[in-house]
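K.L.:
Here it is, the structure in full.
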Amino acid sequence: MTNTSESINYCFKIFTNVEISFLDIFIRLHDNKPDKPNYKMLLTDFEYLNKSEDAFKKKIALQIKNLRRQNQVTQEKFYSETNINIARLESGKVDIRLDTLRKVCYYFDVSLSGFFHGIY
């Protein structure tokens, strides 16, 4: 075996007794034609990823809310000083952009690493 792809294909062959490339699996997974078999997803459970993404958004939202409350800042005051609708961020239902999170952290004098340290 000379490269990573060959190693992965070899491991896949051992576990399944089938010689098939990952590219072939990808194509078959995304090909909805009825004449071709549809292999099950090997390593990714999208339902789990969606649930964990929602949980992560809620953790970020709670961390933002905790920072705001610790600093005794109202949502109105935060909006008037930053032009960021923190109520939307605190809802946990929106995707927060990195530049917005950076501005929130700057406002509360917290580093990004410190912000995420508070989550995990």
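K.L.:
Six or more apart or on different chains, Cβ atoms under 6 Å: show the pairs whose first residue is in the stretch 95-120 and within 17 Å of Asn83 (Cα to Cα) and whose second is assigned to a loop (DSSP other than H, G, I, E, B).
P.N.:
Qualifying pairs under 6 Å: Phe108/Asn71.
K.L.:
Might you let me know whether the stretch 92-101 holds any residue that is of a type in the set (Lys, Arg) and at pLDDT 95 or above? Talk me through it step by step, then tell me what you get.
P.N.:
Step one: filter the stretch 92-101 for residues of a type in the set (Lys, Arg), giving 93, 97.
Applying the additional criterion that residues be at pLDDT 95 or above yields none.
No, that holds for no residue.
K.L.:
Related question: Restrict the check to the stretch 82-94 and report whether at least one residue is among the aliphatic types (A, V, I, L, M) and touching a residue at least 60 places away in the same chain (Cβ under 8 Å).
P.N.:
The initial filter retains those residues of the stretch 82-94 that are among the aliphatic types (A, V, I, L, M), namely 84, 86-87, 89, 94.
Of the ones still in play, those that are also touching a residue at least 60 places away in the same chain (Cβ under 8 Å) are none.
No, the stretch 82-94 has no match at all.
K.L.:
A further question follows. State yes or no: is Tyr106 at pLDDT 95 or above and surrounded by fewer than 13 Cβ atoms within 10 Å (Cβ to Cβ)?
P.N.:
Yes; evaluated as a whole, the condition is true for this residue.
The values are calculated or read from the model by the stated rules, or taken from the named source; none is laboratory data. Keep in mind the model is a prediction, meaning the values are calculated, not measured. Positions of Cβ are generated from backbone atoms using ideal geometry, with glycine treated the same way; all protein chains shown enter the neighbour counts.
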